[in-house]
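The values are calculated or read from the model by the stated rules, or taken from the named source; none is laboratory data. In this text the structure is predicted, and so the values were computed from the model without any measurement. Virtual Cβ from ideal backbone geometry, glycine too; neighbours counted across all protein chains shown.
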Amino acid sequence: MTTATFSKPVPNRWFQAILALIVMLFISPYEYTFALFESPIAKAHHWSLPSVALTFTIYVLVASFFMIPSGFWSDRWQPRWFTTVAGAVTGLGWILSARAATLPELYLAYGLGSLGPGYIYANSVNNALKWFPEARRRGTAVGLIDMGFGAGSALFIPFLAGIIKSSPLGYERAFTEMGIAMIVVIVVVGQFLRYPERGQLPQDVSSINTPQKSQRVANAAQDMAPQQVLATWQFWLAWIGMALITASGLMITAHIVDIAKTDVLVAGAATGVLAATLSRIPNGVMRWVSGFVSDYIGRELSMFLAFVICGIALFLMATVHNGTAFIVLAMVAMGMWGPLFTLFPALVSDYFGRQHSGINYGMMYTAKGIGGVFAGIIAAALFVSTHSWGTDFHLAALFAIVSGLIALVLRRPGAKAAVTRHKGEQSTAS
C-alpha cells in the first residue's frame with residue numbers, strides 16, 4: 001500500500017467527464033445496435049443465426065479481456081494518443097465488417113474493431129475513478145460517463161434501422177457511415193482527454209480541509225495492487241455476480257429484434273426496433289441515477305434492488321404476447337440491468353482503491369466476456385433448438401436474481417477487522 005500526497009489542484013474535472021461521455025456514446029453501437037444487423041447479415045449471406053450471433057460473442061470477449069491491458073495503460077499513461085488510435089480502430093472495424101464476404105472475415109473485422117471499445121471503455125471509466133476520488137461522488141461520476149454508453153445508442157438505432165431497411169444490403173451502408181462517424185468524433189474528442197497527474201487532486205477536492213477529508217477522499221489507505229486484489233474472496237464473488245448479470249442483459253441486447261419477431265411474443269420487427277430504442281434510454285439514465293443513489297445507500301444494496309427487479313421483469317417477458325407490454329418490460333429490465341456498469345467499477349474503487357483502478361476493474365470486467373458467451377451463440381442455439389426464447393428468458397432471469405443475492409454478501413475487505421479495531425479503541429479510551 002502507498003500513501004499519496006495531494007497537491008497541484010486541477011480544475012474542470014466535469015469537463016473531462018463530459019468528454020468521456022461523448023466517446024462512450026460513439027462506441028455504444030458496437031454492443032447496443034448489433035440486434036439490428038443480426039438477421040439482415042444472416043439473410044444476405046444465407047448464414048445461420050447462431051453463426052452470426054457468434055460475432056457478438058467475439059465482440060464481448062475481445063472488448064472485455066482487452067480491458068486488462070487497457071486498464072494497465074490507463075493507470076500509467078495519459079489517454080490522448082491511446083484514444084486516437086482506439087477511435088481509428090473502432091471505426092475501421094465497422095467499415096471492414098461492411099465488406100466481409102465470409103464468416104471468418106466478419107469475425108476478424110468485428111473482433112479487431114472491438115479492441116477500440118475495449119480501450120475506450122476502460123479509459124472512460126478510469127476517468128471517473130481518477131478525477132473523482134471522493135466516495136460520495138464516485139458513483140455519480142461513473143454513472144454520468146457510462147450513461148453515454150447505455151443511452152447513446154438510442155440516438156443511432158432509428159438512423160441505422162432506416163438505412164438497413166432501405167435495401168437488402170443496407171447493413172453495409174450502415175456499417176460504413178457509422179464507422180466513419182466513430183473515427184471522426186472519437187479522434188477529435190480524444191485530443192482533449194487527460195488524467196490528473198500523480199499527486200494532483202481536483203481544486204474542489206483539494207480545497208477541503210476538514211476532519212472528514214480522509215474519509216471523503218478514501219484512497220491511499222486501501223490502495224491494492226492487482227495481485228492483492230486477486231487474493232481476496234470479495235473480488236471473485238463479485239466477479240461471479242458480474243458474469244451472471246451481464247449474461248442476462250446481453251441476451252436481450254443481442255437478440256431483442258429477433259425476439260420480438262417470434263410467435264412467442266407476437267409483436268414484430270417494428271416493435272423490436274422500438275423496444276431496442278426505448279429500452280436504451282432507461283438503460284443509460286439509470287446508470288447515472290443508480291450511481292447517485294449508491295453514493296448514499298451503498299453499492300451492495302443498490303445492486304440487490306436493481307438486479308432482482310431486472311430478473312422479475314425478464315421472467316414476465318417470457319409470458320407476454322403483447323407488443324406494448326413487451327416494450328414496457330424491456331425498458332424496466334434494461335433500466336435495472338444498466339446500473340451494473342456503474343455499480344461494479346465504483347465498488348472496485350471502494351474496495352481496492354484508486355491507484356490501480358484501471359487494471360483492477362479491467363480484471364473484474366472480464367466477467368462480461370463470460371456472460372457474452374451465453375448471450376451470443378448459446379442463447380441463439382437454445383432458440384434454434386427449442387423454437388422459443390422462453391428458456392433464454394428464464395435462465396437470464398435466474399442469473400439476474402442470483403447476482404442480486406450475491407451482492408448482499410459482499411463487504412469491503414478488512415471491514416470486519418476495522419470495526420473490531422474501532423471497538424477496541426473505544427474500550428481502551430473508556
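Structure data summary
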item	result
Residue within the range 52-60 that is of a type in the set (Phe, Trp, Tyr), at pLDDT 90 or above and either within 30 Å of Gly414 (Cβ to Cβ) or out of contact with any Cys (no Cβ under 7 Å at 6 or more places or on another chain) (or both) present	yes
Residues located in the range 68-91, provided they are farther than 20 Å from Tyr361 by Cα and under 18 Å from the mean Cα position of the chain (by Cα)	Gly87, Thr90
Output for the range 167-187, where each listed residue is surrounded by fewer than 16 Cβ atoms within 10 Å (Cβ to Cβ) and more than 21 Å from Ile22 (Cβ to Cβ)	Ser167, Pro168, Leu169, Arg173
The range 28-54: number of residues that are of a type in the set (Lys, Arg) and surrounded by 24 or more Cβ atoms within 10 Å (Cβ to Cβ)	0
Residue match in the range 376-387 (condition: closer than 24 Å to Met147 by Cα and either crowded, with 24+ Cβ neighbours inside 10 Å or not basic (Lys, Arg) (or both))	yes
Test: residue in the range 162-182 that is at pLDDT below 90 and either assigned to a helix (DSSP H, G or I) or within 13 Å of Thr33 (Cβ to Cβ) (or both)	yes
Selection count, the range 339-358, where residues are surrounded by fewer than 24 Cβ atoms within 10 Å (Cβ to Cβ) and in a helix (DSSP H, G or I)	2
Whichever residue in the range 28-54 is aliphatic (A, V, I, L, M) and in contact with a Gly (Cβ under 7 Å, 6 or more places away or on another chain) and, among such residues, is farthest from Ile164 (Cα to Cα)	Leu54
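Okay, residues lined up against (1) under 17 Å from the mean Cα position of the chain (by Cα); (2) under 23 Å from Leu410 (Cβ atoms):
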position: Leu305; (1), (2): no, yes
position: Leu314; (1), (2): no, yes
position: Val328; (1), (2): no, no
position: Ser349; (1), (2): yes, yes
position: His356; (1), (2): no, yes
position: Val373; (1), (2): yes, no
position: Ile377; (1), (2): no, no
position: Leu382; (1), (2): no, no
